[in-house]
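The values are calculated or read from the model by the stated rules, or taken from the named source; none is laboratory data. None of the values given here were measured: they were computed from a predicted structure. Reconstructed Cβ throughout: ideal geometry from the backbone, glycine too, with neighbour counts over all protein chains shown. Calculation scope for accessible area: heavy atoms of the full protein, side chains included, ligands and nucleic acids excluded. Shrake-Rupley method; radii C 1.70, N 1.55, O 1.52, S 1.80 Å.
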Amino acid sequence: MTSFLGLSGKRPLVILLYPKVDHEKDYVYFWMPFSLLTLAKPLLDDDLADVVLFDGNQHSAADWERLLDEHLDQTLCIGVSIMTGGGQIGHALELVKIAKERSTCPPVVFGGPHVNVLPDQTARHELVDAVLVGPGQNSMPAFVTALRDKANWEYVPGLIACRGTELVRGPVNPPRTGLMGHYPWHLLDVEKYVRDDPTVAPRTLNYISSQGCVYKCQFCYELTYQRKYSAMAADGLVADIDDLRRRYGLNGIKFYDADWFVNLRRAAAFCEGVIEGELDIRWAASINPNDILKARRAGIPLLELVAKSGGSRLLMGIESGNERVLRDVVRKEVTRDQIREVTADIAGHGLLGSYTFIVGFPGEQDDEVDDTYSLIEELRQLEPTPETRVHLFAPYPGTPLYEDAVRAGFEPPSTLEDWSHFDYYDSQTPWTSAATVARARAATQMRLQPAAVLQR
């Protein structure tokens, strides 16, 4: 196995763990662990510690034990990022248990999306020494500094730790994250994350350039971040993408930002920078239908710029084809007619639309679900034929629809281990039938994965 990257042996060490995610059965790609890269950057920039990133999607439990054998003695702490669902919590606990069985195990601190919504439950787990709520860029450097200086943890922003039966809490961690990007790529074997993406380019890398979202979709985890938005400036983003393109021979970038187009001026400036710099690259990103409507009102030729700059695919959460569900349940702030308009505009510019929907909302009626499927059929008449994916509603803690789901009969997991079995690709609610699941899967039509990837 390739040695772990980023070690100098001269400073204390922080191990950052991204546990394995159990994706849907035919999923062949893994995200680069940007949550860990964003934590590692301030630790390195401020010269606080050396950092090792352990990605459970790339490394085995045996690799984890080897890392602990070689470096645990110099480690200040182990930081673990977990999200709800996908089995990641269970894999985290398995690896942390291995570390905790060693007498030299340092404090283990958990953070990430799941911690942000269920911090107390996580902090009380026997394998967890502390949790950090809110942006880790703010709290992790303070936590590492406290450990290095043997100072009191109570002054770390966002910290919660269990002391006996009581929880100790640090000050509030501000939700804004500051500048994004300029990641410490040297901590990862980037080549392992390059993929042949049929909707973008043969050598595509994923990238996150912003955090947060300004919209109010009632099912979405982004609401738990208090809708604060932070993004990398367009000129810096263009420069970073160009550097990656040259360094790793990339010809594609797939942005995984929650909504890449929140700042329309930034989006336009990025496109213009790619065009002016003649960057030979294709790219894809997520967009809200309201972004396109706002661009029209502002006189910004957004889709034209996207197409000219090498944009190939736009991912859009449409959620429903029913007016009541769009307006009162999801609060999408868009109508069915407006969805028709923007999707036709996307196709008219030669861009591949990739549209996601959700069925099984609390209180959703059969005829309202039928409206969603009729809209899908309409959209699939566009050229190029868009991708469509139908998800089953999953009640995420911390979101408004979670409480509606509980009132409707959803029984949430009661322990951290139980949350590990929460699978957002399968039905989690008592009112979602097997027929509903089968219909959703039949309506999911994505571009085929390239044979070269499937044979790896």
For a label point 7 Å from the Cα of Thr385 along Cα→C-beta, name the residues of the stretch 415-450 whose backbone N is under 12 Å from it.
445-448
Pull out the extension gain between Arg176 and Asp189, defined as 0.36 nm times the separation in residues minus the alpha carbon to alpha carbon distance; nm, one decimal.
1.7 nm
Karplus 3J(HN,Hα) series, Hz, for the stretch 102-117 with 6.51 cos²θ - 1.76 cosθ + 1.60 (x for Gly, Pro):
9, 5, 9, 5, x, x, 10, 10, 9, x, x, x, 5, 5, 4, 9
Arg163 paired with Arg324, simple spin-label distance in nm, labels 7 Å along Cα-to-beta-carbon:
5.3
Using only the alpha-carbon atoms of the stretch 53-115 as identical scatterers, what base-10 log of I(q)/I(0) does the Debye formula give at q = 0.12, 0.21 Å⁻¹?
-0.28, -0.87
In this structure, the FRET efficiency calculated for Leu293 and Gln74 from their beta-carbon separation, with R0 = 41 Å, to the nearest 0.05, is 0.15
Using a Förster radius of 30 Å, what is the FRET efficiency between Glu304 and Gln365 based on their Cβ-Cβ separation? Nearest 0.05, please.
0.15
Three-way shape call for the stretch 251-350 based on the alpha-carbon gyration tensor, with the a/c threshold at 1.5
prolate
Taking amide H atoms as placed 1.01 Å from N in the peptide plane, list the residues 5 or more away in sequence, or in a different chain, whose amide H sits under 5 Å from that of His125.
none
Note, ³J(HN,Hα) from phi for the stretch 63-77, Karplus 6.51, -1.76, 1.60, rounded to Hz, x at Gly and Pro:
4, 4, 5, 5, 4, 5, 4, 7, 10, 5, 4, 9, 8, 6, 6
Grab the Cα-Cα distance for Asp337 and Asp22, subtract it from 0.36 nm times how many residues apart they are, and report the gain in nm with one decimal.
109.7 nm
Going toward the positive end of the dipole of the chain, with +1 on Lys and Arg Cβ and -1 on Asp and Glu Cβ, which of Ser309, Leu67, Pro119 do you reach last?
Ser309
Send over a whole-number figure in Å² for the accessible area per residue of the chain, probe 1.4 Å.
42
Could you pull out every Cys in the chain that lacks a partner Cys with its beta carbon under 4.7 Å away?
Cys77, Cys105, Cys162, Cys213, Cys271
Considering only protein heavy atoms and a probe of 1.4 Å, how much of the accessible area of the chain is carbon and sulfur, as a whole percent?
50
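Would you please classify the overall shape of the stretch 315-456 from the alpha carbon gyration tensor, given that a ≥ b ≥ c denote the square roots of the eigenvalues, rounded means a/c under 1.5, and beyond that prolate means a/b larger than b/c while oblate covers the rest?
oblate
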Alpha carbons only, please: Rg and Dmax for the chain, in angstrom.
22.2, 65
Need one number: convex hull volume per residue for the stretch 295-393, Cα atoms only, in Å³.
89
Hey, what number do you get for the chain at 222 nm if only DSSP H runs of n ≥ 4 count, each worth -39500 (n - 2.57), divided across all residues, to the nearest 500?
-10000 deg cm²/dmol
Could you give each residue of the stretch 405-419 its phi-based ³J(HN,Hα) in whole Hz, using Karplus coefficients 6.51, -1.76, 1.60 with θ = phi - 60°, and x for Gly or Pro?
5, 4, 5, 8, x, 5, 9, x, x, 10, 9, 4, 4, 5, 5
Given points 7 Å out from each Cα along the Cα-Cβ axis, report the Thr356 to Ala434 separation in nanometres with one decimal.
2.8
